[in-house]
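Below is one structure, written out as structure tokens, with a few remarks after it.
The values are calculated or read from the model by the stated rules, or taken from the named source; none is laboratory data. In this text, all values refer to a predicted model and were calculated from it rather than measured experimentally. No Cβ is skipped: glycine too gets one built from the backbone with ideal geometry, and neighbour counts run over all protein chains shown.
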Amino acid sequence: MDVKITGVKETAGHFKKVGDRMQGKAGDPLRQAVHRGLLRVERATKGRLTGGNPLHVRTGRLRASILVDTKRIGKTVRGEVGTDVFYGKVHEFGLKGMKKRPFLGPSFKENVKLIRQDIARTLKVINGK
């Protein structure tokens, strides 16, 4: 059996780029805290979309599309949990003649206290208190 590995330089370059992106995340405790909190919301939301089939799930596309994104912009850390599936907004807020079936809002409300506590602990560590 012969094994030939090609594209080593390209692969190494790819891993270096990934490592560079991850380094920014790993070195930012506040961003990590926000990200952890939003992952809680993501898990709760996906669980809400799984149990009891309240949104009449057919394909799982909405559940799979729920993602977390965190960014640092200057001194601000911004995080989002959401979906780009158009009918997610319809379920969350309803339409005329269609009752709302929120899934993101309740998940956030369930976790907001824990998120705030984690961020507060992180800020204390950052500030040396």
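Is the range 83-106 home to any residue that is touching a residue at least 12 places away in the same chain (Cβ under 8 Å) and surrounded by fewer than 11 Cβ atoms within 10 Å (Cβ to Cβ)? Among the residues of the range 83-106, at least one is touching a residue at least 12 places away in the same chain (Cβ under 8 Å) and surrounded by fewer than 11 Cβ atoms within 10 Å (Cβ to Cβ), which makes the answer yes.
Quick check on my filter: what residues within the range 77-129 are modelled with pLDDT of 90 or more and in a strand (DSSP E or B)? Selection gives V77, R78, G79, E80, V81, G82, L95. Could you check the range 58-82 and list, in sequence order, the residues that are touching a strand residue (DSSP E or B) at 6+ places or on another chain (Cβ under 9 Å) and surrounded by 14 or more Cβ atoms within 10 Å (Cβ to Cβ)? Across the range 58-82, the qualifying residues are I66, V68, T70, R72, V77, G79, V81, G82. Taking the range 34-51 as the range and being farther than 13 Å from E110 by Cβ and β-branched (V, I, T) as the test, the residues that pass are V34, T50.
Does L55 satisfy being in contact with a helix residue (DSSP H, G or I) (Cβ under 9 Å, 6 or more places away or on another chain), modelled with pLDDT under 80 and surrounded by 11 or more Cβ atoms within 10 Å (Cβ to Cβ)?
So L55 passes the test.
Out of R40, R48, report the one residue that is surrounded by 13 or more Cβ atoms within 10 Å (Cβ to Cβ), basic (K, R) and in contact (Cβ under 8 Å) with a residue 60 or more places away in the chain. After ruling out the rest, the residue left standing is R40.
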